[in-house]
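Novice: This structure is in structure tokens; I'll ask about it shortly.
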Amino acid sequence: MVAFMATLLYCYVSYDTPIFVFKESPEALPYALEKSNFFYAGLGAILTSNILTLLLSNLLPRLRPPFLPLPAASFWAQNSYTRQRMTEYLEGWTKGIGIFLNLILILAVLHIITLNDAAFSVETQNWLFGIFALLLFWIGLFFYLFIGTKKEIAEMIEIK
């Protein structure tokens with residue numbers, strides 16, 4: 001979030017109004033925003049994504065088993081030990097999703113900087129593909145946490 005705010009403030013201070021935010025093709029005229037509108041839109045985007053991520057990470061563990069969006073939800077809600085592990089996994093996983101959202105927003109602002117400054121060039125599309133590949137890995141990790149570790153945790157409960 002701090003890195004996003006730094007790039008957003010850089011745009012606000014460095015560029016005159018208007019700030020070009022979108023260009024359909026090299027021949028087309030770019031879509032522009034006043035720099036104050038751009039700043040507040042970016043601020044709204046980062047706050048909304050982070051608040052929703054925090055709400056999701058706090059809400060999911062409190063849901064009843066039938067409403068949990070997990071594989072084998074009844075297993076994870078059966079006792080306090082599994083419920084605690086589920087809460088830890090969900091909080092960490094959803095905060096990781098928040099990090100991915102922040103990275104995507106940072107790349108969007110860096111792309112806007114490249115539209116406005118010919119001297120500044122970042123290949124945002126390549127970085128975006130990398131972030132989406134990591135995001136797919138992160139989604140796969142979700143299923144590993146809740147399917148792959150189920151057997152180990154079940155054995156630990158039997159030992160106790």
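Here is a yes/no grid of residues against (1) touching a Phe, Trp or Tyr at 6+ places or on another chain (Cβ under 8 Å); (2) in a helix (DSSP H, G or I); (3) surrounded by 14 or more Cβ atoms within 10 Å (Cβ to Cβ); (4) modelled with pLDDT of 85 or more:
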site: ALA28; (1), (2), (3), (4): no, no, no, no
site: PHE38; (1), (2), (3), (4): yes, yes, yes, yes
site: GLY42; (1), (2), (3), (4): yes, yes, yes, yes
site: ILE51; (1), (2), (3), (4): no, yes, no, yes
site: LEU59; (1), (2), (3), (4): no, yes, no, yes
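Novice: Any residue in the stretch 62-78 that is within 21 Å of the chain's Cα centre (by Cα) and either of a type in the set (S, T, N, Q) or part of a helix (DSSP H, G or I) (or both)?
Specialist: Looking for residues that are within 21 Å of the chain's Cα centre (by Cα) and either of a type in the set (S, T, N, Q) or part of a helix (DSSP H, G or I) (or both), one finds none in the stretch 62-78, hence no.
Novice: Something else now. Quick check, is ALA32 surrounded by 14 or more Cβ atoms within 10 Å (Cβ to Cβ) and in contact with a helix residue (DSSP H, G or I) (Cβ under 7 Å, 6 or more places away or on another chain)?
Specialist: No: the conditions fail for ALA32.
Novice: Do you know which of the residues in the stretch 103-143 that are assigned to a helix (DSSP H, G or I) and of a type in the set (Ser, Thr, Tyr) is farthest from ARG85 (Cα to Cα)?
Specialist: So the residue we want is THR114.
Novice: Next question. Could you list, in sequence order, all residues of the stretch 115-160 that are more than 19 Å from the chain's Cα centre (by Cα), closer than 15 Å to PRO71 by Cα and aromatic (Phe, Trp, Tyr)?
Specialist: Across the stretch 115-160, the qualifying residues are TYR144, PHE146.
Novice: Could I ask something else about it? Looking at PHE129, PHE143 in this structure, which one is at pLDDT 85 or above, of a type outside the set (D, E, K, R) and over 21 Å from ASN50 (Cα atoms)?
Specialist: PHE129
Novice: Mind checking which residues of the stretch 103-160 are touching a helix residue (DSSP H, G or I) at 6+ places or on another chain (Cβ under 8 Å), in contact (Cβ under 8 Å) with a residue 40 or more places away in the chain and exposed (fewer than 12 other Cβ atoms within 10 Å of the Cβ)?
Specialist: LYS160
Novice: Go through (1) under 13 Å from the mean Cα position of the chain (by Cα); (2) closer than 19 Å to LEU145 by Cα for LEU54 and report which single condition fails.
Specialist: Only one criterion in (1) under 13 Å from the mean Cα position of the chain (by Cα); (2) closer than 19 Å to LEU145 by Cα is unmet by LEU54, namely (2).
Novice: If TYR89 meets every condition in (1) assigned to a helix (DSSP H, G or I); (2) closer than 30 Å to MET156 by Cα; (3) free of Cβ contacts under 8 Å to residues at least 24 places away in the same chain apart from one, which number is that one?
Specialist: Just one mismatch for TYR89, condition (3).
Novice: Pairs please, first residue from the stretch 73-86 and without any contact (Cβ under 8 Å) to a residue 40 or more places away in the chain, second anywhere and of a type in the set (Lys, Arg), Cβ atoms under 8 Å, 6+ apart in sequence or on different chains.
Specialist: ALA77/ARG64; ALA77/ARG83
The values are calculated or read from the model by the stated rules, or taken from the named source; none is laboratory data. In this text the structure is predicted, and so the values were computed from the model without any measurement. Methodologically, a virtual Cβ is constructed for each residue, glycine included, from the backbone with ideal geometry; neighbour enumeration extends over all protein chains shown.
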